[in-house]
Structure formats: structure tokens, C-alpha cells
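> Please find one structure pasted underneath; my questions will follow.
Please treat every number below as a calculation from the coordinates, not as lab data. Nothing here was measured: the structure is a model prediction, and the numbers come from that model. Positions of Cβ are backbone-derived with ideal geometry, glycine not excepted, and every protein chain shown enters the neighbour counts.
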Amino acid sequence: MRLIDYANPTRFLGLVAKILPWLAGATIVTFAVGLWLVFFRAPADYQQGETVKIMYIHVPFAWLSMFCYMTMAASALGTLVWRHPLADVSAKCAAPIGAAFTFLALATGSLWGKPMWGTWWVWDARLTSVLVLFIMYLGLIALQETIEDPLRAAKASAVLTLVGVVNIPIIKFSVDWWNTLHQPASVFRMGGSTIDASMLVPLLIMAVAFSLLFVWIHLMAMRNEIIRRRIRTMRMIEAAGAE
Amino acid sequence: MDLGNHAGFILASYGLSILVVVGLFAWVVLDGRAQRRRLAELEARGVHRRSQGQSQSQSQGMGMSRSAQPTTGDAR
Amino acid sequence: MNALLALFAREWKLAVRVGGGALMGALFFLIVVTVVPFGVGPDLNLLSRIGPAILWIGALLATLLSLDRLFQVDRDDGGLDLILMGESPLELVVLVKCLAHWAATGLPLVIASPLLAIFMNMEPIAIGATTLTLLVGTPALTFTGAIGAALTVTLKRGGLLLAILVLPLTVPVMIFGVSSATAVLYGGMPFTTPFAILAALGLFAMVLGPVAAAAALRHAGE
């Protein structure tokens with residue numbers, strides 16, 4: 001069972017059909033457990049009160065916005081280096097999902113910031129980096145939508161995705177240097193996390209739930225895209241035959 | 001369950017997230033249905049892809065490059 | 001090597017002669033800087049404070065606007081296919097084309113900036129610092145923009161998309177360019193720290209830009 005075995009979309013579609021029900025079940029159960037923990041078990045923060053509940057969705061969205069970009073980068077390598085036929089399907093389908101999650105990271109952050117900092121938006125380092133990431137997602141989608149030929153669009157956006165991967169750490173560093181007001185990263189800080197287990201466990205469960213949701217939607221979108229391309233091919237064959 | 005002074009912000013952020021996620025989900029499901037319907041229509045009209053249509057097409061090489069290429073649906 | 005020198009000369013000549021549009025960038029730069037006081041008001045203190053930033057934004061926009069023709073002219077007349085088939089490595093060709101493009105469009109911006117700085121009521125030291133940062137920073141903008149130009153080369157109206165794709169990538173150059181230009185005004189931070197990083201960004205873009213643009217051009221030509 002190697003990755004290349006699934007270069008055949010028919011086999012891939014078969015696998016997706018087998019996985020999807022389990023994935024759907026796992027996603028729903030994880031969300032149920034996570035949300036129950038968040039709303040009925042997790043304590044209020046002594047400083048932030050109940051608004052800390054926003055963290056349980058804001059932080060997973062922020063993680064996924066980066067995870068989704070990494071998925072696209074891996075797919076871009078697959079397109080350019082190994083020419084895996086499903087890689088560009090994967091990259092194309094991940095972009096709108098990533099943009100949606102990045103938008104939600106920004107929106108929930110803004111809704112958390114208003115009661116905590118007294119303003120909807122501050123130009124602090126992390127918010128600004130995520131905003132730049134959001135613009136990059138939109139640029140990638142725009143590029144994919146503008147080039148008509150799917151293969152050429154895939155290659156152009158793969159190049160841009162990889163350029164983005166190289167640049168994201170530099171952008172992050174520059175923006176950090178530029179200004180910071182946000183709380184320092186507290187979960188994956190060196191020397192152990194400072195967040196209490198009563199909050200960390202629901203947060204991690206919510207993160208797993210959102211990751212499962214991402215995989216679920218991504219696989220369904222990939223299935224749609226494969227069928228869309230089949231239709232395109234069949235229409236071309238039909239048009240060629242009609243001549 | 002008491003959400004404190006800022007209940008509106010908490011509900012708004014969860015509500016917005018649900019709205020966007022459900023929207024994304026609905027788009028994927030509806031798009032999938034539309035695509036499958038179109039595929040069924042085409043198949044009903046008797047259009048086949050190269051990989052299925054060996055009987056009608058003349059000499060179709062089954063080499064690796066040929067069978068791998070049309071998989072993403074490019075008729076080039 | 002001779003081929004690359006000849007290419008540089010050709011690109012430069014094509015850009016500066018009538019219809020090449022090299023000086024359009026400088027004219028656009030002048031207009032952007034002139035429009036700003038109408039927006040923020042004629043307060044000279046405010047203008048001198050935001051002057052370096054305005055000059056940088058103007059230079060960034062002027063650079064982006066001129067970039068869409070970088071490869072498109074060659075594609076239209078078929079020269080791009082010859083370059084792709086030629087013996088010189090495509091990365092080096094892109095590098096030379098970018099350098100020629102910068103010499104024809106970026107350099108006039110740098111030369112014009114001290115004059116425009118006077119409109120902004122900037123102090124001599126700030127004028128010097130801004131001009132120096134633009135001299136080091138505009139090549140980085142050109143090299144980064146070349147990636148966008150190569151990606152959009154097949155499109156009829158790629159100019160706006162080019163700007164959308166490239167602007168996020170120019171954020172670091174912008175940050176360190178303006179930081180080092182304003183460092184001399186307010187103190188608190190030495191000029192050399194952000195300036196050294198700006199120079200590093202320029203060198204980095206000089207490598208990444210041609211490599212990525214060449215990859216994009218190869219795939220666009222397929």
C-alpha cells in the first residue's frame with residue numbers, strides 16, 4: 001500500500017468511499033465530546049472569564065490555517081517533483097478550506113479581542129501574520145481560477161505555494177520584529193506548557209475534531225474535483241467525436 | 001450554564017464558525033451532487049472516457065504514461 | 001556570458017526607448033507622492049513624519065505596475081520560446097532581465113526620491129537614509145515581482161493579479177526598508193540593524209526570485 005497506488009483516481013475514489021462514513025462518525029463523536037467538555041467541564045479563566053471559551057475554536061482554526069497551507073505545500077511538491085496526478089487535486093481543494101479556516105481564525109480572534117483588549121483589531125504580530133496568510137490564500141485561489149487549463153493552473157499555483165512556504169517564516173519574523181502586543185505562545189512553549197490540563201485537554205480534543213473535519217471536507221472536495229475533471233474530459237471527447 | 005458578561009461575543013464567534021463550516025460543507029455536498037448528476041447524464045448519452053472505452057477506440061496503448069495521464073481528466 | 005551581456009543591453013534599450021515605458025514608473029511615483037498631501041492634509045510635520053513610508057509605498061506600487069511587461073513582451077513576439085530553448089540557464093537569463101529592468105525602471109525611482117522627499121518636508125538625513133534604503137530595497141522588489149510576472153505571463157490582463165500575488169511577499173522588504181529609513185529620525189535603534197537585514201532580504205530575493213520565476217516560465221511554456 002504505497003501512495004503511488006492511489007495515483008489511480010478510481011482506486012482513490014474507492015478508498016474515499018470506504019473511509020468517509022468512519023471519518024464522519026469520528027468527526028461527529030470528537031466534536032460532541034469536545035464541545036461537551038468546553039461548555040460543561042472547562043473552567044473559566046481567572047483573568048479572561050468565560051471569553052476563554054473562544055480559545056477552544058480560535059486556536060484550532062489558527063493551527064489548521066497553517067496545517068492546511070502545509071498540506072498544500074506537500075501537494076505542490078507532489079505536483080512539481082513526482083507529478084502525482086492527485087497532488088494538484090489535493091492542493092486545489094485545500095485552498096478554499098484553508099481560506100475559510102484562516103478567515104475564522106481572524107474573525108474569532110477579533111471577537112475575542114474586543115472584550116479583552118477593547119478593540120476589534122490590533123496590528124500586532126500574530127494577527128498581522130495571519131492576515132498576510134489569508135491574503136496569500138486568496139491570491140492562490142485567484143490564480144487557480146484565472147488560468148483556464150487545469151494542469152497549467154496547478155503548476156503555477158504549486159510554484160507560488162512553494163515560494164510562500166519559503167517566505168512565510170521570513171514574513172513571520174519581520175512582522176514579529178515590527179510589533180508585538182499579543183500574548184506569547186503558551187501551549188508549545190519551551191519547558192512545558194503553561195496552560196492547565198483542565199483547559200488543555202478540551203483544546204486538544206477540539207483541535208483533533210477540527211483536523212478530522214478538515215480531512216473529511218477535503219476528501220469530499222477532492223472527490224468532486226476528480227468527477228469534475230472526468231466530466232471535462234468526457235465533454236471534450238464528445239465534442240471531438242461530434243465533429 | 002452562565003457565559004458571563006461577554007456571552008454575546010462567545011455566541012457570535014461560535015455562531016459564525018458554525019455558519020462558515022456548514023456553508024463550506026453544504027457547498028461541497030451540493031457541488032458533489034451536481035457533478036455526479038452531470039456525470040450520469042453524460043454516461044447516459046453514451047460518452048465514455050478513454051480508459052473505459054477500449055471497445056470503440058482503435059489502438060489504445062495501455063502504457064503507464066497513457067493510463068496515468070487521463071486520470072485527472074486532461075484530454076491532452 | 002556575452003549572450004547575457006547582449007541580453008542586458010537589449011532589454012535596457014528596449015525599456016528606455018520610446019514606447020518602452022521605463023519613465024512611466026517614475027512619473028507614477030511622482031503622482032502618488034503628490035496625491036498623498038491631498039489625502040492627509042498639508043501639515044508639514046505630519047508629512048515629514050510619514051515621508052519615508054510614503055516614498056516606500058510609492059516606489060513599491062510603481063515597481064509592481066511596471067513588472068507585468070517583464071516577460072509578456074517576449075511572450076508576445078515569441079522571444080520567450082527562443083530564450084527557453086537557448087543555451088544560457090534560464091535562471092541566469094531571468095536574473096539578467098530583472099537587473100536590466102531594475103536599471104531602467106527602479107533606478108529612476110531611486111534618483112527621483114530625494115527630489116520628492118523635499119515635497120514631503122523631510123530632513124536631509126532622512127532623505128539620505130530613504131534614498132539609500134530604496135537603492136538596496138527596490139532590486140528586492142523587482143526580483144520578488146519577477147515571480148508574479150512569470151506566473152501571470154500567459155494571462156491577458158495579469159497586472160492586477162500580479163500585484164495581489166506579489167504584495168504579501170514584499171511585506172518584509174517594506175518593513176525593514178521603512179524601519180531603517182525612520183530609525184535615523186527617531187533614534188532608539190541603530191540604522192545598521194534593519195539595513196543589514198534589508199540587504200540580506202535583497203540577496204535572498206536575488207536567488208529565490210530567478211529560480212522560482214524560471215520554474216514558473218518553464219511550466220507556462222509546456
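> From the phi of every residue in region C:78-94, what ³J(HN,Hα) in whole Hz does the Karplus formula 6.51 cos²θ - 1.76 cosθ + 1.60 yield, where θ is phi - 60° and glycine or proline is x?
Residue by residue, region C:78-94 yields x, x, 5, 4, 5, 5, 5, 7, x, 7, 5, x, 4, 4, 5, 4, 4 Hz.
> Taking N as the number of residues in region C:57-112, what is its Cα Rg relative to 2.2 N^0.38 Å?
Cα Rg divided by the expected 2.2 N^0.38 Å: 1.27.
> I need the calculated FRET efficiency for the pair residue C:119 and residue A:33, taking r as the beta carbon distance and R₀ as 45 Å, to the nearest 0.05.
0.10
> Can you give the direction-averaged projected area of the convex hull of the alpha-carbon atoms in region C:157-220, in nm²?
If I average the Cα hull's projected area over directions, I get 5.2 nm².
> Right, here's the next one. Defining a contact as two alpha carbons under 8 Å apart and six or more residues distant in sequence, what relative contact order in percent does region C:2-221 show?
About 27 percent, as a whole number.
> Tell me, what is the FRET efficiency for residue A:13 and residue C:189 to the nearest 0.05, using R0 = 41 angstrom and their Cβ-Cβ distance as r?
0.10
> Past 28 Å, Cα to Cα, is the threshold; run A:172/C:13; A:92/A:114; A:172/C:156; C:13/C:156 against it and keep the listed order.
Violating the 28 Å Cα-Cα cut-off are A:172/C:13; A:92/A:114; A:172/C:156.
> Rounded to the nearest 0.05, what FRET efficiency do residue B:40 and residue A:239 give with R0 = 22 Å and r taken as the Cβ-Cβ distance? Could you check?
Efficiency computed from Cβ-Cβ geometry: 0.70.
> For chain A, treating each Cα as an identical point scatterer without solvent, what Debye log10 I(q)/I(0) comes out at q = 0.07, 0.10, 0.11 1/Å?
Debye output, listed in q order: -0.29, -0.57, -0.68.
> Using bins 5 angstrom wide from zero, how does P(r) for region C:2-221 break down, in % of all Cα pairs?
P(r) over region C:2-221, rounded to whole percents: 1, 7, 15, 19, 19, 15, 10, 7, 4, 2, 0, 0.
> Turning to a different aspect of this structure: Could you give the distance between the Cα centres of region C:174-222 and region C:107-167, to the whole Å?
11 Å
> For each of C:144, C:182, count neighbouring Cβ atoms within 10 Å of the residue's Cβ, then give the residues from fewest to most.
C:182, C:144
> Determine by what factor the alpha-carbon radius of gyration of the protein assembly as shown differs from 2.2 N^0.38 Å, reporting the quotient.
For the protein assembly as shown, the normalised Cα radius of gyration comes out at 1.10.
> So for chain A, averaging the separation of alpha carbon pairs under 8 Å that are six or more residues apart and normalising by length, what relative contact order in percent results?
31 percent
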